[in-house]
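Enquirer: The structure is given below, and queries will be raised subsequently.
Just so it is clear, none of the values below were taken in a lab; they were calculated from the coordinates. Treat the numbers as computed from the prediction; the structure is a model and nothing was measured. Cβ placement follows ideal geometry from the backbone for every residue including glycine, while neighbour counts extend to all protein chains displayed.
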Amino acid sequence: MTTRLESLGGWVAEVARLTRPDRIHWCTGTRGEYDEFVREMLSRGDLLELNQETYPDCYLHRSDPRDVARVEHLTYVCSEREKDAGPNNNWMPPAQARARMNSLFDGCMKGRTLYVIPYCMGPLGSPYSRHGVEITDSAYVAANMYLMTRMGSAALAEIELTGRFVKGLHSVGELDPERRFIMHFPEDLTIMSYGSGYGGNALLGKKCHALRIASYQARTEGWLALPVPHISVLDFTKPPRYGARHGCSEPSHAFAACRFASASRRHCGSGFGGVRKPREAGRPGLRGVCASRRTRSVATRKLPSGIGGAATGRAGCAPVAAPSCGRGTWPAPARSTGGAGGSGAERGRTGA
């Protein structure tokens, strides 16, 4: 599998010349491919299999002790003008940032596999979704992008149709804190991340694309990007007897979008909430479950007045897009609402 899009093929070739990997793998996004990633990581000891009777299809992934958090002081927005980076972001001139990153990426994938990951943040076919391609040398990243995005051949087909995508280049490098940077180039729709395998430092569709680059896309394309991290959509299922008096014989659902802290002492944060089992919700038979895990950013439709409103929910709600949409979370047709995805730890598969 390669691509017929010249700009994408040329970029992959350029990165391969710089990083010099042993092989290149274009991700197809199939379950079989994901299972192969898991088998490879198990064989290398990168994953530890949990008790498959009590935790089926679940694994433990342990981060390097020096790589256990985001690195705000090493994260830069490299816009052409310093004021465009905003008052709360670090800034570096783009030419200087590219020179520094290219020196780090030079030959960094020798002995490794280069994974090409086309992905879609939001429902496939939706005009409100946004696309990207991440290049990485981490099978862990490839496996988790399968879980948290629509990734592979279907996303690639849409990218080839439009010709537009965000470029994300990542390498775990040596996991040296002294050689670790996350750079964003908004005018070029490009992200470069080196030296970390942790969460949003490595899964570039999350904070790097869906929060930072999406803000620039929104401004230039005429829509509104709302950074709303740690939003979870809760799904409450009412049994048929609750709706019987209204002539409804099927279970009915009610949804609530709530913002949680990332974690808490009572284990009710968005990360923990995403993997909790369904449980009784106050009344007999009323069940509650976290349906969406996490929302990273919400992209609203254009409104004639220029003022946008945002929401998340199931198909049939207001036509907005959530650029952190999890695989299979929403059975959403085109122009419908997307839900939110999370990393493998949040989806109960693999975790950092």
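Enquirer: Got a sec? Which residues in segment 100-119 would a label at T28 touch, if it sits 7 Å along Cα→Cβ and we count backbone N under 17 Å?
Expert: Under cut-off, by backbone N: 115-119.
Enquirer: Moving on to the next point. Computed FRET efficiency, Cβ-Cβ of R100 and E14, R0 25 Å: what is it to the nearest 0.05?
Expert: Efficiency, rounded to the nearest 0.05: 0.90.
Enquirer: I would also like to ask the following. Order of 126-133, 3-10 by packing, highest average Cβ count within 10 Å first?
Expert: 126-133, 3-10
Enquirer: Starting from 0.36 nm per residue, how many nanometres of slack lie between T220 and D176 once their C-alpha separation is accounted for?
Expert: 12.3 nm
Enquirer: Between W91 and D64, 0.36 nm times their residue separation minus their Cα-Cα distance comes to what?
Expert: Here the segment from W91 to D64 would lengthen by 7.0 nm.
Enquirer: Rounded if a/c is under 1.5, else prolate if a/b is larger than b/c, else oblate: which is segment 25-140, with a ≥ b ≥ c the root eigenvalues of its Cα gyration tensor?
Expert: The shape class here is prolate.
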